[in-house]
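Student: Before I ask anything, here is the structure I am working with.
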Amino acid sequence: MPDPPALLLDQVRRLDGVREVERDGARITVRGHRRIIAYVSVALVRWEPVPADLSVHVPTLEDALLGLLDERPATDTPALAEMNLVGGQ
């Protein structure tokens, strides 16, 4: 979304289960509980137009394992730091 309304972003930030809303140019990334996929979708439909390149990424166990084995400190991966996995660095 090249120019999303500030009220839309504020509404998304206040959705139950949203941990983080990050904007990088025209790209907006929303992180949080799996159920926010539906809530964010509803907000986008209300504000229109829904972005044509909307995508959803749900991390897998492999993503978590690779994050643990990666040499970056755990603070670089906030989504993985909240998981209850034991091992890695």
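Every read-out reported here was derived from the displayed coordinates using simple, explicitly stated rules and does not represent laboratory data. All figures in this text were calculated on a predicted structure; none of them were measured in a lab. Note that we place each Cβ from the backbone using ideal geometry, even for glycine, and neighbour counts take in every protein chain shown.
Student: Test of the criteria: in the range 1-67, which trypsin sites (Lys or Arg not before Pro) are in a DSSP loop and have at most 10 other Cβ atoms within 10 angstrom of their Cβ? Working shown, then result.
Tutor: On the way: sites: ARG13, ARG14, ARG19, ARG23, ARG27, ARG31, ARG34, ARG35, ARG46; in loops: ARG14, ARG34, ARG35.
Listed in order of number, the matching sites are ARG14, ARG34.
Student: Here is a further query. What full-extension length gain, to one decimal in nm, is calculated for LEU68 and GLN11 as 0.36 nm per residue of separation minus the Cα-Cα distance?
Tutor: Numbers: separation 57, 0.36 × 57 = 20.52 nm, distance 3.27 nm.
Answer, rounded to one decimal: 17.3 nm.
Student: In the calculated pair distance distribution of the range 1-57, what percentage of Cα-Cα distances lie above 19 Å?
Tutor: Working: 268 of 1596 pairs.
That tail contains 17 percent of the Cα-Cα pairs.
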